[in-house]
Amino acid sequence: MGVGLATVDLLFVCPRIDERLVDASVFSMQGGGSAANMLATLAVMGDHTRFFGRIGDDEHGRFIL
């Protein structure tokens, strides 16, 4: 059982960040939040898990579900 945040991590890969404007070569949306990640890992390993927290009613909330 875990209580915490389920978030969406937005990851970009950029060649360098020493300029004001850079081009990202890769973009990825991934599940985030330490409690949610831990429980997801345990569930994949076969454990029974429960998560308690709030999830938004928007694009990111639907992604998390």
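The values are calculated or read from the model by the stated rules, or taken from the named source; none is laboratory data. Remember, it's a predicted structure, so these values are computed and weren't measured experimentally. No Cβ is skipped: glycine too gets one built from the backbone with ideal geometry, and neighbour counts run over all protein chains shown. Surface accessibility is based on the protein's heavy atoms, side chains included, excluding ligands, DNA and RNA. Shrake-Rupley method; radii C 1.70, N 1.55, O 1.52, S 1.80 Å.
Shown for the chain: the carbon plus sulfur share of the solvent-accessible area, taken with all protein chains present and a 1.4 angstrom probe, equals 57%. For residue 8, the amide hydrogen comes within under 5 Å of the amide hydrogens of 32, counting only partners 5 or more places away or on other chains and with H modelled in the peptide plane. Considering only 46, 5, 60, the residue lying farthest towards the positive end of the dipole of the chain is 46, judged by Cα position with unit charges set on Cβ.
This model, with +1 at the C-beta of Lys and Arg and -1 at the C-beta of Asp and Glu, gives the chain a dipole about its Cα centre of some 200 debye. In the context of the full set of protein chains, residues of the chain present 85 Å² of accessible surface per residue (probe radius 1.4 Å, heavy atoms only). For the chain, the relative contact order works out to 42 percent when only alpha carbon pairs closer than 8 Å and six or more residues apart are counted.
Between helix 34-44 and the chain there is an angle of about 60 degrees, using the helix long axis and the longest principal axis of the Cα atoms. For semi-axes √(5λ) of the Cα gyration tensor in Å, the value calculated from this model appears in [x] 21, 16, 10; [y] 30, 14, 10; [z] 23, 14, 9 under label [y].
Of all DSSP-defined beta bridges confined to the chain, some 80% are antiparallel rather than parallel. Under the combined filter of DSSP loop state and at most 11 neighbouring Cβ atoms within 10 Å, region 7-65 retains these trypsin sites (Lys or Arg not before Pro): 16, 20, 50, 54.
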